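Report on one structure; see the data block that follows.
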Amino acid sequence: MRIRNVGQLREYAAAAANALGNQEKRVFICCGTGCVAAGSFEIYEKIRQLVESKGLLVRVELEEEKKGIG
């Protein structure tokens, strides 16, 4: 693809921004033992409610710690 002028550049930039804006975002909340003890379930529920109330395209998920990585 070759951009021939500033107008085309603006069109492509707008299309790219629109495509990125329409992608579903994902938020992972740790549900490992230590995180749960520190209140991660409450954080998960609050973030889930905020996302839902604002109609955002975001999926909020609980995820356990990965063992043996790092």
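Figures for the structure shown
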read-out: Rounded if a/c under 1.5, otherwise prolate or oblate - the chain, Cα gyration tensor axes; value: oblate
read-out: Cysteines without a disulfide-compatible neighbour (Cβ-Cβ under 4.7 Å), the chain; value: CYS31
read-out: Full-stretch length increase - VAL36, ARG4 - with 0.36 nm per residue and alpha-carbon distance subtracted; value: 6.1 nm
read-out: Loop GluC sites (Glu not before Pro), the range 24-56, which have at most 15 other Cβ atoms in a 10 Å radius of their Cβ (DSSP); value: GLU24
read-out: Accessible surface of the chain, 1.4 Å probe, proportion on carbon and sulfur as whole %; value: 55 percent
read-out: Residues of the chain: accessible area per residue with a 1.4 Å probe, Å²; value: 84 Å²
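The values are calculated or read from the model by the stated rules, or taken from the named source; none is laboratory data. In this text the structure is predicted, and so the values were computed from the model without any measurement. Because the Cβ atoms are built from the backbone with ideal geometry, glycine has one as well, and the counts that use them run over all protein chains shown. With ligands, DNA and RNA removed, areas are computed over all heavy atoms of the protein, side chains included. Shrake-Rupley method; radii C 1.70, N 1.55, O 1.52, S 1.80 Å.
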